[in-house]
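Taken together, the values in this text are just the output of simple stated rules run on the coordinates, not laboratory data. Keep in mind that what you see is a predicted model, and the values were worked out from it rather than measured. Positions of Cβ are backbone-derived with ideal geometry, glycine not excepted, and every protein chain shown enters the neighbour counts.
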Amino acid sequence: MNELFSTAQAAEYLGLTVEAIKYHLRRGHLKPQKVGNSHVYTKLELSRFQRTRRPRGRPFGSKNRFPRKRKGESVAEQPPQATEAGSVA
């Protein structure tokens, strides 16, 4: 039989807070079993959640590919431009 985890144990197992577990429960990302008046999570369900969970932070894209220039910083040196003949200027 699968090992069962309480909400607090599931949070510790996943490295999340209890509030984050409750958030994912409300959103339908976690599917607990009801035992009496509380929710329990199987190890299989927690590992499924861990595999399918999106990584934290902003997704990598064109808007955050390059770091922002801070006030007072100089512009980074531009790489050499190729001329028509193919040589570097």
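Scanning the range 23-50 for residues that are basic (K, R) and within 17 Å of the chain's Cα centre (by Cα), which turns out farthest from E3 (Cα to Cα)? In this case the residue turns out to be R27. When restricted to residues that are without any contact (Cβ under 8 Å) to a residue 40 or more places away in the chain and more than 16 Å from R54 (Cα to Cα), the range 3-40 contains 24.
What's the total number of residues in the range 1-19 that are surrounded by 12 or more Cβ atoms within 10 Å (Cβ to Cβ) and small (G, A, S)? Selection size over the range 1-19: 3.
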